[in-house]
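We did not get these values from a lab; they are worked out from the coordinates using the rules stated. These numbers come from a predicted model, not from an experiment. A quick note on method: Cβ atoms are made from the backbone with ideal geometry, for glycine too, and the neighbour counts reach across all protein chains shown.
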Amino acid sequence: MDNATTQNRHGDVADLLLAKGILTESSLEQVKQRQKRLRVSCAKAILDLRLASEEETLKALAESEHLEFLDLEHYEPTSELLHTLPVKLVFHYQILPIKVEDDCLTLAFAEVPSPIELGNLRLILGKRIQVALAAP
C-alpha cells in the first residue's frame, strides 16, 4: 500500500482525536505537515509528535477502521493459543493470538495490517483472520 493511501486511510484518526478534544486545530496542522513531509500515516505522525497517548491514538484508529480495540494489560493467552502462531510471525507482524473460533483466528495487531499482510497470514496459517488493534 502506498503512503498516500495509508495517509488517506488513517485521516479520520486526527478528526476523531480533534472531536474528543485530544488534538487542537494547531496540533492538527502539525500532524498534517509531518505527514506530508515524512510520508507517514496520521497515527504515526500523532505518536511521533507525542500529541496523544498510544492508547488514545490506537483507539481512534480502531474506531476509524471499524476494528475492535483490545486492552491487553491483564490478558494472558493459553499455551495452546500461543502455539497457533510461529514465534517468528509474532515478532515480525507484532501480533498476538486472542482466540480461535472454528476456522477464524482473532489476532491483536499493533498497527492496521495491509491487505497483503493479511493475505500472507491467511496463507501461512490456513485460517480466516479477524483483526483487532492493541497497544504493544
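Data for the structure
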read-out: The chain: angle of helix 115-125 to the longest principal axis, Cα-based, in degrees nearest 10; value: 20 degrees
read-out: Cleavage-rule hits, GluC sites (Glu not before Pro), segment 1-110, DSSP coil, Cβ neighbours within 10 Å at most 12; value: Glu73
read-out: Given charges at Cβ of Lys, Arg, Asp, Glu: the chain dipole, positive-most of Tyr75, Ser26, Leu123; value: Ser26
read-out: Of the trypsin sites (Lys or Arg not before Pro) in segment 23-97, those whose Cβ has at most 14 other Cβ within 10 Å and which sit in DSSP loop; value: Arg39, Arg50
read-out: Correct option for volume of the Cα convex hull per residue in Å³ [calculated from the coordinates] among [x] 181; [y] 365; [z] 107; value: [z]
read-out: Dipole moment magnitude, nearest 20 debye, the chain about Cα centre, only Lys, Arg, Asp, Glu C-beta charged; value: 640 debye
read-out: The chain: relative contact order as a whole-number percent, Cα under 8 Å and 6+ apart; value: 22 percent
read-out: Beta bridge orientation in the chain: antiparallel %, DSSP, nearest 5; value: 40 percent
read-out: Residues in segment 105-136 that a label on Leu81 would reach, taking backbone N under 11 Å of a point 7 Å out along Cα→Cβ; value: 106-108
